[in-house]
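Remarks on the structure that follows.
The values are calculated or read from the model by the stated rules, or taken from the named source; none is laboratory data. In this text the structure is predicted, and so the values were computed from the model without any measurement. Glycine also receives a Cβ, built like all others from the backbone with ideal geometry; neighbour counts cover every protein chain displayed. Keep in mind that these areas ignore ligands, DNA and RNA; they rest on the heavy atoms of the full protein, side chains included. Shrake-Rupley method; radii C 1.70, N 1.55, O 1.52, S 1.80 Å.
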Amino acid sequence: MKTALVTGSSRGIGKAIALKLAKDGFKIFVHCSGDTSNANEVKEEIIKNGGVAEVVSANLCNIEETKKIIEITGNLDVLILNASIQIKKPWEEITLDDCYNQLNCNYVSSLLLIQQAVPFMKENGWGRIVTIGSVQESKPHPDMLVYSSSKAAQTNMVKSLAVQLAPFGITVNNVAPGVIYTDRNKEALSDENYAKKVTDSIPAGFYGTPEDCAPTVSLLCSNDGKYITGQSIYIDGGKSL
């Protein structure tokens, strides 16, 4: 049984991806930061549906905690880098802590986990790495400067690594969701005027769900996705256009 780590998978997009990959037959490491109650619920749901799962907790803003994750999970066949921090404020008010926390979680942790996971993938001649980016890579929100910048940096890393790792049977791709209805933005989208403004900016005319993102990640992690690498695939109803 192949193993997959999905960071930030106790809720939202990460949870949907974890549940889908479990159905695909992967053993899932459900990752969370701090309180493990939601992660354990995801684990139990996977097990109830006949899958295999364990929970791993680590704060990806903390470099030392990040480095210990692979020690807990062991060798990985699939690495899904979904966890991120999004701090919304005008660029003039961004503090160094705001900057460091977002960069560490959204970019540096991805690099560290890839560095640790790739040796086994190389040895095995097979591996799948998928980063979860954002439509903000192409259309940055004015009050999320560091977040959008970190996502763009992560995708540039994907393009570089895809070339370097392709000879070893390892694909590296990015999936960039648009406006997805998760608990992160549920409160904002509950405002009817704001929700209309958002949907009016999406050619498809509606925002997506976490389950809209999971099938594409599933394809990229499968043998059917072996010829797709170095790509950034937008799942955004056309918002990036």
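Filtering segment 23-49 to residues that are part of a helix (DSSP H, G or I), in contact with a strand residue (DSSP E or B) (Cβ under 7 Å, 6 or more places away or on another chain) and in contact (Cβ under 8 Å) with a residue 12 or more places away in the chain leaves 38, 39, 40, 42, 43, 46. If the condition is being surrounded by fewer than 20 Cβ atoms within 10 Å (Cβ to Cβ) and out of contact with any Asp or Glu (no Cβ under 8 Å at 6 or more places or on another chain), then segment 78-88 contributes 85, 86.
In this entry, residue 53 is excluded by the filter for residues that are in contact with a Cys (Cβ under 7 Å, 6 or more places away or on another chain), open to solvent by less than 20 Å² (accessible area, probe 1.4 Å) and either among the small types (Gly, Ala, Ser) or touching a residue at least 60 places away in the same chain (Cβ under 8 Å) (or both). Consider segment 202-222 and keep the residues that are within 17 Å of residue 79 (Cβ to Cβ) and polar (S, T, N, Q). The one that is surrounded by the most Cβ atoms within 10 Å (Cβ to Cβ) is 216. Filtering segment 143-192 to residues that are of a type in the set (Lys, Arg), closer than 16 Å to residue 236 by Cβ and surrounded by 15 or more Cβ atoms within 10 Å (Cβ to Cβ) leaves only 151. Among the residues of segment 193-241, those that are of a type in the set (Gly, Ala, Ser) and on the phi < 0 side of the Ramachandran plot comprise 195, 201, 204, 208, 214, 218, 222, 225, 232, 240.
For the subset of segment 1-22 comprising residues that are of a type in the set (D, E, K, R) and assigned to a helix (DSSP H, G or I), which member is nearest to residue 182 (Cα to Cα)?
Only one residue tops the list, namely 15.
From the list 230, 238, which one is of a type in the set (Gly, Ala, Ser) and loosely packed, with under 14 Cβ neighbours inside 10 Å? Answer to the selection: 238. Quick check, is residue 135 surrounded by fewer than 23 Cβ atoms within 10 Å (Cβ to Cβ), in contact (Cβ under 8 Å) with a residue 24 or more places away in the chain, of a type outside the set (D, E, K, R) and farther than 28 Å from residue 55 by Cα? Spelling it out, it is not the case that residue 135 is surrounded by fewer than 23 Cβ atoms within 10 Å (Cβ to Cβ), in contact (Cβ under 8 Å) with a residue 24 or more places away in the chain, of a type outside the set (D, E, K, R) and farther than 28 Å from residue 55 by Cα. Of all residues in segment 121-132, those satisfying the criterion of being open to solvent by less than 50 Å² (accessible area, probe 1.4 Å) and farther than 19 Å from residue 232 by Cβ are 121, 125, 126.
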